[in-house]
Every structure is written in structure tokens, then in C-alpha cells.
Amino acid sequence: MNFDETVKNAYQESVQDERFGDTDDELIALRNHIRSCKRIVVPNKNTVKTSAINEVLTRFNLPSAELVSIHTNSADLSRTPAITKALLALDVCDCDMVIARGRLGVPGSGSLLIIMDKKGRILSAATSPPHILHGKEVQDAVKDEITEALIRIGFSVVE
């Protein structure tokens with residue numbers, strides 16, 4: 001079953017009050033959906049986040065992402081900056097998947113790295129606390145977040 005059918009079936013289960021959690025087949029479909037993505041983009045103004053993301057994607061044997069150089073400062077004016085960054089990328093380029101990282105919500109809320117497909121569906125995400133608490137360099141925090149986002153849906157590092 002393809003990913004769109006998997007999503008449709010899960011919606012139907014919810015409507016019929018028959019949804020009791022994610023299944024192995026759904027996780028397999030989700031991972032296959034991600035693996036099938038050919039053009040992955042990272043919306044940003046610089047290459048630091050893209051380089052960190054690509055380092056991790058390589059370890060998981062996934063296609064590399066490309067930088068989409070767009071000004072994302074306006075996303076910080078929204079209630080969900082990281083999600084807004086991902087949606088901005090979908091608005092300005094043709095891609096299969098977006099990996100965006102930004103503030104989770106209000107200032108002080110920490111960061112959110114989100115993986116979104118071309119239909120705007122959230123595939124996975126990971127958060128980290130405010131920089132002032134974790135003290136990591138941005139590239140290290142991004143590596144940790146993308147790693148967590150992939151592991152939480154069943155991907156593993158390819159040795």
C-alpha cells in the first residue's frame with residue numbers, strides 16, 4: 001500500500017473510532033515515503049544547518065538535502081516559526097520533502113526540527129531546549145535533532 005493510502009486509511013479509522021495507535025505497516029510506509037524523496041530542501045540563509053543535516057542523512061543512507069536560500073526571518077513573527085519555515089519552502093520551490101529548523105514557539109521555547117513532505121504533512125520532528133540551557137553549537141544541536149527525528153520513526157544508522 002502506498003503512503004497516501006496509508007494516511008487515508010488511518011483517517012478513516014479515526015472517523016470510525018477504530019484507531020488504536022500507529023502500526024508497523026504505517027511506520028514502514030512512512031520510512032519508504034521518506035526514502036522515495038528525490039529532492040529534499042532545507043530553507044535557510046546559510047549552509048550550517050544544511051551541512052549538519054546532510055552529515056546525518058548520509059549516516060542513515062538517505063538522500064542529501066539542498067539549501068534553498070530564502071530569507072526566513074519573517075517566520076519568527078509566527079506562532080510556530082519552524083513549521084512556518086517549512087511551509088515557506090513549499091511555497092517557493094518544487095520539492096519532495098522539507099527539513100526545517102527554527103524556534104519551537106515563543107522566544108525561550110527552544111528549537112524544533114521538522115520533516116514535512118510536499119503536501120505539508122509532518123512526517124517527524126524533534127525538539128531541543130533553548131540554547132542557553134543546552135549550550136551546544138548550532139550544528140551539533142541540529143545533528144542531534146535530525147538524528148532523533150529519524151530514529152523516532154524507526155530509521156537506524158547504516159554502518
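What the table shows:
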{"quantity": "Residues of segment 101-114 that turn out to be aliphatic (A, V, I, L, M) and open to solvent by 10 Å² or more (accessible area, probe 1.4 Å), as a count", "calculated": "3"}
{"quantity": "The one condition in (1) open to solvent by 40 Å² or more (accessible area, probe 1.4 Å); (2) in contact (Cβ under 8 Å) with a residue 12 or more places away in the chain; (3) farther than 14 Å from L123 by Cα that L77 fails to fulfil", "calculated": "(2)"}
{"quantity": "Test result for V98, of a type in the set (V, I, T) and buried (at least 19 other Cβ atoms within 10 Å of the Cβ)", "calculated": "yes"}
{"quantity": "Residue list for segment 125-159, restricted to those being in a loop (DSSP other than H, G, I, E, B), open to solvent by 70 Å² or more (accessible area, probe 1.4 Å) and without any contact (Cβ under 8 Å) to a residue 24 or more places away in the chain", "calculated": "K136, E137, E159"}
{"quantity": "In segment 80-95, residue farthest from D4 (Cα to Cα) [restricted to those that are open to solvent by 40 Å² or more (accessible area, probe 1.4 Å) and outside any helix (DSSP H, G or I)]", "calculated": "T80"}
{"quantity": "Selection within segment 53-67 - at negative phi and open to solvent by 20 Å² or more (accessible area, probe 1.4 Å)", "calculated": "N54, E55, T58, R59, P63, S64, E66, L67"}
{"quantity": "Flag if A100 is in a strand (DSSP E or B), modelled with pLDDT of 95 or more and more than 15 Å from R31 (Cα to Cα)", "calculated": "yes"}
{"quantity": "Hey, D117 surrounded by fewer than 19 Cβ atoms within 10 Å (Cβ to Cβ) and modelled with pLDDT of 95 or more or not", "calculated": "no"}
{"quantity": "Selection count where residues are closer than 19 Å to K118 by Cα, in a helix (DSSP H, G or I) and among the polar types (S, T, N, Q), scope segment 1-16", "calculated": "1"}
{"quantity": "Test: residue in segment 42-52 that is within 20 Å of G110 (Cβ to Cβ), of a type in the set (G, A, S), surrounded by 12 or more Cβ atoms within 10 Å (Cβ to Cβ) and modelled with pLDDT of 95 or more", "calculated": "yes"}
{"quantity": "Matching residues in segment 45-69 - criterion: being in a strand (DSSP E or B) and either in contact with a Leu (Cβ under 6 Å, 6 or more places away or on another chain) or hydrophobic (A, V, I, L, M, F, W, C) (or both)", "calculated": "A65, L67, V68"}
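The values are calculated or read from the model by the stated rules, or taken from the named source; none is laboratory data. The model shown is predicted, which means the values in this text are computed figures rather than measured ones. No Cβ is skipped: glycine too gets one built from the backbone with ideal geometry, and neighbour counts run over all protein chains shown. Note: areas computed on protein heavy atoms with side chains; ligands, DNA, RNA excluded. Shrake-Rupley method; radii C 1.70, N 1.55, O 1.52, S 1.80 Å.
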